[in-house]
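Okay, so here's the structure we're looking at.
The values are calculated or read from the model by the stated rules, or taken from the named source; none is laboratory data. Being a predicted model, the structure only gives us computed values, none of them experimental. FYI the Cβ positions are ideal-geometry reconstructions off the backbone, even for glycines, and counts take in every protein chain you see. Quick note on the areas: whole protein, heavy atoms, side chains included, nothing else; ligands and nucleic acids left out. Shrake-Rupley method; radii C 1.70, N 1.55, O 1.52, S 1.80 Å.
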Protein chains: 2
Amino acid sequence: MRFVTITDIEAAAERVNGTAVHTPLLRQHWAEGQLWLKPESLQPIGAFKIRGAYNAIAALSEAERARGVVAHSSGNHAQAVAYCAQTFGIPAVIVVPDVTPRVKVAATRGWGAEVIEVPIADREVVADRLARERGLTLIPPFDHPEVIAGQGTAGLEIAADLPGVDTVLVPVSGGGFASGVGVALKARCPGVKVYGVEPELAADTAESLRAGRRVEWPTADLARTIADGQRAQPSELTFAHLQRVLDGIITVTEDEIRRTVRTLAHRSRLVVEPSGATAPAAYLHHADELPGGRTVAIVSGGNIDPELLSELLG
Amino acid sequence: MRFVTITDIEAAAERVNGTAVHTPLLRQHWAEGQLWLKPESLQPIGAFKIRGAYNAIAALSEAERARGVVAHSSGNHAQAVAYCAQTFGIPAVIVVPDVTPRVKVAATRGWGAEVIEVPIADREVVADRLARERGLTLIPPFDHPEVIAGQGTAGLEIAADLPGVDTVLVPVSGGGFASGVGVALKARCPGVKVYGVEPELAADTAESLRAGRRVEWPTADLARTIADGQRAQPSELTFAHLQRVLDGIITVTEDEIRRTVRTLAHRSRLVVEPSGATAPAAYLHHADELPGGRTVAIVSGGNIDPELLSELLG
């Protein structure tokens with residue numbers, strides 16, 4: 001197993017510069033203690049996923065890249081791959097479950113990608129077949145060193161902007177984001193504590209870290225959380241990284257997530273999706289489980305349905 | 001009359017660095033053409049006002065500053081002065097009309113300021129008396145070279161982040177922001193066009209620029225617009241700057257402002273106040289009056305009442 005290094009992440013930072021936004025750290029004076037938010041919700045596709053997707057595509061050889069890329073996802077990763085492929089002017093095929101909301105299919109097509117709808121169980125098989133038949137390269141959402149390295153560029157930015165940071169909170173789903181951010185921060189800020197954050201209805205990584213091995217949760221269980229960006233589970237690769245870089249993991253309730261979406265709109269002036277609210281929710285509602293000090297909570301994304309936003313603000 | 005120069009603004013940039021956030025330019029792919037937003041709504045007090053207030057206080061002599069500052073405002077400038085005074089550890093007195101909503105009074109007190117409520121007509125007189133009696137320095141919201149220079153730092157950031165910018169849209173109320181941003185951009189980006197934006201219900205500057213002299217509108221007329229941050233009128237100083245730096249002025253309707261608050265929440269993931277939506281509204285609804293090209297619309301602030309936000313999103 002190849003662990004991602006700070007050198008990989010530095011190379012990724014060179015690549016994503018100009019495509020991913022260097023998001024600012026925003027001090028939140030209304031909160032007790034010293035909290036900064038890092039709003040990845042302001043990236044071009046509304047989530048940090050652009051960092052990993054772009055880095056993985058940029059790291060391909062020119063010949064590989066010219067043949068195009070394929071991904072299977074219905075979420076932010078699909079849009080990230082489609083967006084980055086358009087940036088490079090290469091073909092992208094996105095395989096989505098045939099139950100995907102029309103609005104998400106349209107958004108992905110809007111970036112010029114070919115969208116293929118298949119029964120949910122067939123996604124991986126179809127993507128693999130397309131990769132073989134058309135010579136496309138599969139860009140996975142997290143189980144890939146260059147994707148992890150790309151996500152880690154957010155950690156480099158935190159280290160550059162707040163070198164004395166004490167605690168960083170990062171959401172965990174497939175674990176690529178937390179892995180990359182953790183590697184970057186541990187290399188650059190000795191002594192920093194990095195905490196993962198999960199919804200209690202999708203707390204598979206908390207259980208896995210306690211058990212010392214990956215414990216799989218049924219997909220139907222993971223689907224219960226409102227944090228739809230946190231329904232994936234780590235791979236062997238990301239889990240091994242998380243075991244190395246996380247100092248702990250915080251579990252937040254559905255009610256805490258909902259309340260934090262509302263608080264961030266009213267106090268931080270940010271529209272965030274439920275998954276984007278889990279790290280700030282950990283800060284606001286679980287301070288007793290955290291070491292405190294100068295704390296950065298990463299807001300991972302802002303793609304929330306207008307109806308849900310209105311409901312949570314109402 | 002002393003015109004603010006690029007040198008003044010460069011000095012201001014040195015001072016506000018570390019207090020004002022260098023807000024990113026956010027490319028908006030959903031909009032036709034090439035639009036970037038500059039979200040000043042993400043400043044610590046939720047508006048660009050922190051730039052000018054901080055610069056004016058930082059430019060005082062140490063002895064003057066130690067005696068404290070006074071401002072009369074019920075809006076974002078009051079919070080900016082209170083916040084910056086707290087940063088310097090000096091006294092701040094804010095004189096507000098006795099009809100100011102409790103929530104705004106509480107927010108200003110929250111920054112450690114003494115808030116004095118007076119009948120609306122007495123604000124200036126009381127502030128002047130307090131300045132004399134207590135040796136406080138008055139920090140005006142726009143009619144002051146160092147305030148204008150501070151606001152101009154937002155223009156320097158645009159020039160640094162997008163040197164090839166063609167058009168910049170900036171809201172106009174008292175004119176300090178547009179003056180400073182205009183001076184910075186005209187010095188750094190030869191050929192850039194700078195447009196002011198006003199609500200049609202407070203379009204006194206549009207009329208004044210046409211007339212070639214300041215035309216005052218009745219306060220009751222200005223109070224009609226939902227854009228409560230744009231109910232002030234330029235002073236002689238700011239009007240003279242606007243005559244030099246603005247290439248034109250766009251007028252937006254109340255309906256365009258309301259719809260843009262909603263669009264920016266859903267598409268840009270930003271919570272903005274009505275005044276913060278006027279420059280983007282000009283881009284979205286008045287493209288035929290603009291030269292086009294790479295365009296930056298400045299979102300001036302995000303302090304919107306939760307009830308109004310819910311109403312506009314509903």
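Scanning residues 5 or more positions from residue A:115 or on other chains, those with amide H under 5 Å from its amide H are A:94, with H placed 1.01 Å from N in the peptide plane.
Averaging the sequence gap over all C-alpha pairs within less than 8 Å and six or more residues apart, then dividing by the number of residues, gives the range B:51-138 a relative contact order of 33 percent. Rounded, prolate or oblate: pick one for the protein assembly as shown, where a ≥ b ≥ c are the square roots of the eigenvalues of its C-alpha gyration tensor, a/c under 1.5 means rounded, and failing that, prolate if a/b is larger than b/c, else oblate. The shape class here is prolate. Across the accessible surface of the protein assembly as shown, with the other protein chains kept in place and a 1.4 Å probe, carbon and sulfur atoms take up 47 percent. Using R0 = 35 Å, the C-beta based FRET efficiency linking residue B:109 and residue B:244 works out to 0.35. Full extension of the chain between residue B:14 and residue B:219 gives 70.1 nm of extra length, using 0.36 nm per residue less the Cα-Cα distance. Sorted largest first, the principal axis extents computed over the alpha-carbon atoms of the range B:222-313 equal 39, 32, 18 Å. In nanometres and ascending order, the distances from the residue B:29 label point to those of the other copies are 3.6 (point 7 Å from Cα along Cα→Cβ). Quote the relative contact order of the range A:71-215 in percent (integer), defining contacts as alpha-carbon pairs under 8 Å separated by 6+ residues. Reported relative contact order: 17 percent.
Taken one residue at a time, the phi angles of the range A:23-28 give Karplus couplings (6.51, -1.76, 1.60, θ = phi - 60°) of 6, x, 8, 10, 5, 10 Hz. Gly and Pro are set to x.
Position residue A:308: other-copy label points at 2.8 nm, ordered by increasing distance, label point 7 Å along Cα→C-beta.
Accessible-area loss of 50 Å² or more (1.4 Å probe, protein heavy atoms, chain alone versus all protein chains) is found in the range A:259-281 for A:266, A:269, A:271. Between A and B, buried accessible area from a 1.4 angstrom probe totals roughly 2000 Å², ignoring ligands, DNA and RNA. Once the Cα-Cα distance is subtracted from the 0.36 nm per residue extended length, the residue B:134 to residue B:305 segment shows a gain of 58.1 nm. Structure remark: mean-square fluctuation, Gaussian network model of chain B, C-alpha springs under 10 Å; the largest value among B:95, B:192, B:103 belongs to B:103.
For the peptides B:224-235, B:145-156, B:244-255, residues were scored by their other Cβ atoms within 10 Å and the scores averaged per peptide; the highest-first order is B:145-156, B:224-235, B:244-255. With a/c under 1.5 counting as rounded, go ahead and sort the range B:74-189 into rounded, prolate or oblate using the C-alpha gyration tensor (a ≥ b ≥ c being the square roots of the eigenvalues; past the cut-off, prolate if a/b is larger than b/c, else oblate). Taking the square roots of the gyration eigenvalues as a ≥ b ≥ c, the range B:74-189 is prolate.
If you wrap the tightest convex hull around every Cα atom of chain B and split its volume per residue, you get 120 Å³.
Each of A:285, A:72 has its accessible area taken with a 1.4 Å probe; listed largest first, they run A:285, A:72. At full extension, residue A:143 and residue A:87 could sit 17.9 nm farther apart than now, given 0.36 nm per residue minus the alpha carbon distance. Solvent-accessible surface of the range A:1-155, averaged per residue with a 1.4 angstrom probe and all protein chains in place: 40 square angstrom. Using only alpha carbon pairs under 8 Å that are at least six residues apart, calculate the relative contact order of chain A and give it in whole percent. Averaging sequence separation for qualifying contacts and normalising by length gives 21 percent for chain A.
The separation of the range B:39-65 from the range A:242-314, counted between C-alpha centres, amounts to 29 Å. Backbone N atoms of the range B:93-109 closer than 19 Å to the 7 Å Cα→Cβ label point of residue B:122 belong to residues B:93-102, B:105.
For the protein assembly as shown, the antiparallel share of DSSP beta bridges with both residues in that region comes to about 10%. Annotation: the antiparallel percentage among DSSP beta bridges lying fully within chain B is about 10.
Sorted from closest to farthest, the other copies place their residue B:244 label points 5.8 nm away, with each point set 7 Å from Cα along Cα→Cβ.
Starting from the Cα gyration tensor of the range A:51-138, take the square roots of the eigenvalues, sort them a ≥ b ≥ c, and report rounded, prolate or oblate (rounded when a/c is under 1.5, otherwise prolate if a/b is larger than b/c, else oblate). Oblate, because a/c is 1.5 or more while a/b does not exceed b/c. Angle of helix B:254-267 to the longest C-alpha principal axis of chain B, folded into 0 to 90 degrees and rounded to 10: 80°.
Remark on residue A:301: its backbone amide H falls under 5 Å from those of A:41, A:273, A:276, a criterion applied only to residues 5 or more positions apart or on other chains, H modelled at 1.01 Å from N.
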